[in-house]
Amino acid sequence: MLSEFLMVNVQPDNQSMTCIHTLTGHSDGVKSVLISPDGHLLVSGGEDGTIKLWKLQTGELVRSLTGHTYGVKGIAISPDAQTLVSGGGDGTVKLWSLPEGELVRTLIAGYSRLDSVWMPVAISPDGQTVASHSSTYSQTIKLWRLDSGELVSTLTGHTGSVKSFAISPDGLILASDGSDHTIRLWNLATEELMNILVGHTGGIFSIAISPDGQTLVSGGEDQMIKIWNLHTGKLVRTLSGHSYSVNAVAISPDGQWLASGGYDSLIKVRHLATGKRLRILTGHTGSVNSVVISPDSQLLASASADKTIKIWQLQK
């Protein structure tokens, strides 16, 4: 059984998690990567300003989307897999029809490429709301209606730029993190600040929420991964292991795996419940900027500054 495997096989063993595809096509570093809800498509956003759609199982390039004039910093896919949202270094949020690859709408996020190192975006589980970072200088979060592109609200509170978002499976909590070393939890319905999680000693670069909505995981500049109780805000566990900043964290849809990607070019896979390290995946020659696990929890995809995307077989 999977749970038995995870509990007993806790020593690094790269042989059982192998790279099955290395995807090349971006002409600059790859900033973000996602897998469609049906598990068929892999979507990547690059510093070259393009979005690329790939077949997850074969690594075949399906199409490239162009429209951003600077790097694509963040991407999100709607639950029905019909809409792709991208945040770019050109200060725009773009909405695309995922099946056709056509641009539907462009939203102006409100800042220029001069302060657009990060441009996270997220879509609520009901597919109605898009969250985007507004500006490094204004340090705000903008909420948009996905169907109309209407600006609904602006959330204020962070004292530094926002690096990433996560939304709870029930759609009630929006989590945001940033260079101010905090994670802020917002009530997405009332737009009120619910809690501030403090514990990292540097900027926080990535957060993820478990499928059961109980756990939040964060990784950041201090090389630490922190595991929190989402509802109480209590710090449950701190994990170390990366030798430089933790740029990306992801939780598998079955709630078993925790994957992290670092500036040290490594990917580390752990058992979420215990924090025990299971595997170290090597092969990238640059910073790992994003990691994602397939809906069936069988594959992991990683995006790197080395201009490649790697697809790893986690289990058979």
- Options Gly59, Gly46, Gly88: the member that is at pLDDT 95 or above, under 18 Å from the mean Cα position of the chain (by Cα) and farther than 26 Å from Gly255 by Cβ: Gly46
- Item | Restricting the range 98-111 to residues that are surrounded by 15 or more Cβ atoms within 10 Å (Cβ to Cβ) and more than 30 Å from Lys55 (Cα to Cα), the residue that is modelled with the highest pLDDT | Ala109
- Message: So, in the range 69-80, exactly how many residues are at pLDDT below 95 and over 15 Å from the mean Cα position of the chain (by Cα)?
- Response: 3
- Task: Looking for whichever is in a loop (DSSP other than H, G, I, E, B), closer than 21 Å to Lys73 by Cα and more than 13 Å from the chain's Cα centre (by Cα) here; the options are Gly275, Gly286. Which one fits?
- Result: Gly286
- Message: Given the criteria at pLDDT 95 or above, surrounded by 14 or more Cβ atoms within 10 Å (Cβ to Cβ) and farther than 29 Å from His181 by Cα, does Thr129 qualify?
- Response: no
- Query: Can we say Glu47 is of a type in the set (Asp, Glu), closer than 15 Å to Gly87 by Cβ and surrounded by fewer than 20 Cβ atoms within 10 Å (Cβ to Cβ)?
  - Reply: yes
- Message: Out of Leu95, Leu114, I need the residue that is farther than 22 Å from Pro295 by Cα and either at pLDDT below 90 or assigned to a loop (DSSP other than H, G, I, E, B) (or both). Which one?
- Response: Leu114
- Task: Could you look through the range 292-316, keep only residues that are touching a residue at least 24 places away in the same chain (Cβ under 8 Å) and among the charged types (D, E, K, R), and pick out the one that is surrounded by the most Cβ atoms within 10 Å (Cβ to Cβ)?
- Result: Lys310
- Message: Return the residues of the range 229-272 that are assigned to a strand (DSSP E or B) and polar (S, T, N, Q); say none if nothing qualifies.
- Response: Asn229, Thr238, Asn247, Ser260
- Item | Unmet requirement for Ala175, which otherwise passes all of (1) farther than 21 Å from Leu300 by Cα; (2) hydrophobic (A, V, I, L, M, F, W, C); (3) more than 17 Å from the chain's Cα centre (by Cα) | (3)
- Note on the structure: Scanning the range 179-217 for residues that are farther than 22 Å from Thr140 by Cβ and crowded, with 19+ Cβ neighbours inside 10 Å gives Ala208, Ser210, Thr215, Val217
- Message: I'm told Leu266 meets every condition in (1) over 23 Å from Lys163 (Cα atoms); (2) surrounded by fewer than 23 Cβ atoms within 10 Å (Cβ to Cβ); (3) of a type outside the set (Gly, Ala, Ser) except one. Can you identify the failing condition by its number?
- Response: (1)
- Query: Does any residue in the range 172-183 that is on the phi < 0 side of the Ramachandran plot come within less than 6 Å, Cβ to Cβ, of a residue that is among the acidic types (Asp, Glu) six or more places away or on a different chain, and which pairs are these?
  - Reply: Ile183/Asp177
- When the range 1-27 is examined, which residues are found to be out of contact with any strand residue (DSSP E or B) (no Cβ under 6 Å at 6 or more places or on another chain) and at pLDDT 95 or above? Ser27
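The values are calculated or read from the model by the stated rules, or taken from the named source; none is laboratory data. As the structure is a computational prediction, the values presented were derived from the model and not from experiment. Please note: Cβ atoms are built from the backbone with ideal geometry, for glycine as well, and neighbour counts cover all protein chains shown.
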